[in-house]
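*Asks:* Below you will find the structure I want to go over with you.
Nothing in this text is a laboratory measurement; each read-out follows from the coordinates by a stated rule. Predicted model only: the values in this text are computed from it and were never measured. No Cβ is skipped: glycine too gets one built from the backbone with ideal geometry, and neighbour counts run over all protein chains shown.
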Amino acid sequence: MKLRAALAMIAVVAAGLATLAAVTDGFRAATSEAAWRLAVAEWPRPLPDATLIDQSGRTLRLWLSALRGRPVLVEFFYTSCPAICGLLASQFQAGFERLIAQPEGLEVLLLSVSFDPERDTVTELADYAARLGADGRIWRVARVNDPIELRGLLDAFGVVVLPDGAGGFVHNAAIYLVDAQGRLARVYDPDAAERAIAELGG
Amino acid sequence: MIPGLLLYAVLVMPPVAAWLEGSMVGHMLVQIPLLALAGSLVAHGASGGRGAVFAGFNTGGVPGLLVALFAAAAWMLPRMLDAALRSALMEAAKFITVPLLVGAPLALSWPLLPPVARGFVWANLISHAAVLGWLYSVAPNRLCTRYLLDQQATLGTTLLIVAMALLLGWGWFAIVGAPLKLRANP
């Protein structure tokens, strides 16, 4: 009787720990954001193609042509964002300063993608880019015309955008590294643009 | 047993599930505890209230209690709440495992637990609710990607209130004693 219960207890503890380990990636991730970062770092993943319009009205096919062969740091934002997007923008500004100060050879691009195509027209994006000093060559600010492509892009990057009920959005903020092969390779904290560039050799 | 089945039937109705899952408090502090309660009621009815089922494996109720604690711990992880919202499979897993692995073992083990172990469970429940409540109300980051920050803060405040209420209830119970009904029926 006692032995059975003791064995049952050991079995329960073992199964319980194994289950908790399984649902936390070995006790490394309790939130879905942490789990996503781990998964991306361990297995870089291909991204769906999408057509973007940048601040100068130019069309670029993502990953296939315009940006291919160079690592790209990507952030998602909307121009009327009152909060976290400002942090991302200032991070990209610092990253941009760092990139243009580099000697030739380091070709890292910055890409800011709006997820609010209704309000963020090309004119709006041009204003925004001018305010931040985005040059349209190293740093592009863009929108996605096709809502289905935008949806697919957000899903592929793991960006969850929720309306905040006051005309704005709540979204998880991060800096994404797309490698030279066009794969999502790393997810950085929203304040880690310079660290990301340093890790790319800049 | 019948009330447990009825409660479960109400909880699985898609509009009810969607409504409760619409807020973090509803998901974590209403739906999941009620699913556990449904499992408890059914198990309590099925065992005649004596925890006789699996008794040979559940000496002192400790193995059963551990099953419930591990399963509850898993479903308290923010990523599990996100996963249940994102995937129908995880949602189904929640509706199966919470009653079966949290509620039922708790009901079957509670009558077997020595008073010290019951006190241990209560003390931990209260302190965890308080600590988690504080964490949720001050955390600057969203822990669930599918809920807003103000919902997280509301959950934190609610947890603090629950902890306080449990503490007061428990203190009352300790000082004044059990209600007559419970005393007459040990």
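*Asks:* Taking the Cβ of A:Ser90 as the centre, find all other residues whose Cβ is under 12 Å away and add up their charges (Lys, Arg: +1; Asp, Glu: -1).
*Replies:* Summing Lys and Arg as +1 and Asp and Glu as -1 gives -3.
*Asks:* Now for a different question. Along Cα→Cβ, 7 Å out, is where each label goes; now give me the distance between the ones at A:Gln93 and A:Arg68 in nm to one decimal.
*Replies:* Result: 3.5 nm between the two label points.
*Asks:* Averaged over B:67-73, how many beta carbons belonging to a partner chain fall within 10 Å of each residue's beta carbon?
*Replies:* Counting other chains' Cβ atoms within 10 Å and averaging over B:67-73 gives 4.
*Asks:* Equivalent-ellipsoid semi-axes (√(5λ), Cα gyration tensor) for segment B:112-181, whole Å, largest first?
*Replies:* 31, 13, 9
*Asks:* Which value, in debye to the nearest 20, gives the size of the charge dipole of segment B:2-184 about its Cα centre, when Lys and Arg are +1 and Asp and Glu are -1 at the Cβ?
*Replies:* The calculation lands at about 280 debye.
*Asks:* First check a/c for segment A:47-157, with a ≥ b ≥ c the square roots of the eigenvalues of its C-alpha gyration tensor; if it is under 1.5, answer rounded, and if not, answer prolate when a/b is larger than b/c or oblate otherwise.
*Replies:* oblate
*Asks:* Using a ≥ b ≥ c from the Cα gyration tensor of the protein assembly as shown (square roots of the eigenvalues), is it rounded, prolate or oblate, where a/c under 1.5 gives rounded and otherwise the larger of a/b and b/c decides, a/b for prolate?
*Replies:* prolate
*Asks:* While we're on this one: Most mobile of A:Leu62, A:Leu20, A:Leu154 per a Gaussian network model of chain A (Cα springs, under 10 Å)?
*Replies:* Highest fluctuation among the options: A:Leu20.
*Asks:* Alpha carbons only, please: Rg and Dmax for segment A:1-89, in angstrom.
*Replies:* For segment A:1-89, the Cα radius of gyration and maximum Cα-Cα distance read 23.2, 78 Å.
*Asks:* Report Rg (one decimal) and Dmax (nearest whole number) for chain A, counting Cα atoms only, units Å.
*Replies:* 20.6, 78
*Asks:* Moving on. How charged is the neighbourhood of A:Glu149? Take every other residue with its Cβ under 13 Å from the Cβ of A:Glu149, and add Lys/Arg as +1 and Asp/Glu as -1.
*Replies:* 0
*Asks:* Here is a follow-up. With chain A treated as a Gaussian network of Cα nodes joined by springs under 10 Å, which of A:Asp25, A:Asp54, A:Asp135 yields the largest mean-square fluctuation?
*Replies:* Most flexible of the set in this elastic network: A:Asp25.
*Asks:* Let me ask something additional. Work out which helices of chain B, taken as complete DSSP H runs, extend at least 18 Å along their axis over the Cα atoms and score a mean Kyte-Doolittle of -1.0 or more, then list them.
*Replies:* Within chain B the helices that satisfy the rule are B:32-46, B:62-75, B:115-138, B:149-176.
*Asks:* Next question. Suppose every Lys and Arg Cβ carries +1 and every Asp and Glu Cβ carries -1, with no other charges. What dipole size does the protein assembly as shown come out with about its Cα centre, to the nearest 20 debye?
*Replies:* Approximately 1660 debye in magnitude.
*Asks:* By counting other Cβ atoms within 10 Å of each Cβ, how are B:Tyr136, B:Tyr147 ranked from fewest to most?
*Replies:* By the 10 Å Cβ count, ascending, the order reads B:Tyr136, B:Tyr147.
*Asks:* Please name which of A:Ala50, A:Val160, B:Gly60 has its Cα lying farthest along the dipole of the protein assembly as shown towards the positive end, using unit charges on Cβ (Lys, Arg +1; Asp, Glu -1) and the Cα centre as origin.
*Replies:* Of A:Ala50, A:Val160, B:Gly60, it is B:Gly60.
*Asks:* Provide B:Lys94, A:Lys2 in ascending order of the number of other Cβ atoms located within 10 Å of each residue's Cβ, fewest first.
*Replies:* A:Lys2, B:Lys94
*Asks:* By the scheme Lys and Arg +1, Asp and Glu -1, what is the net charge of all other residues having a beta-carbon under 13 Å from that of B:Ala83?
*Replies:* Charge balance near B:Ala83 sits at -1.
*Asks:* When a footprinting reagent is the concern and you count Cβ atoms within 10 Å, what order do B:Ser87, B:Ser40, B:Ser109 take, fewest first?
*Replies:* Result, fewest neighbours first: B:Ser87, B:Ser40, B:Ser109.
*Asks:* Residue by residue through A:28-41, how many Cβ atoms from other chains fall within 10 Å of the Cβ on average?
*Replies:* Mean inter-chain Cβ contacts per residue within 10 Å come to 4.
*Asks:* Separate question: Pick out which of B:His27, B:His44, B:His128 has the largest mean-square fluctuation in a Gaussian network model of chain B, springs linking Cα atoms closer than 10 Å.
*Replies:* B:His128
*Asks:* Compute the distance from the alpha-carbon center of segment A:165-202 to that of segment B:8-50, in whole Å.
*Replies:* Between the Cα centres of segment A:165-202 and segment B:8-50 lies a distance of 39 Å.
*Asks:* Same structure, new question: Which shape class, rounded, prolate or oblate, goes with chain B when its Cα gyration tensor gives a ≥ b ≥ c as root eigenvalues, a/c under 1.5 marks rounded, and past that a/b bigger than b/c marks prolate?
*Replies:* oblate
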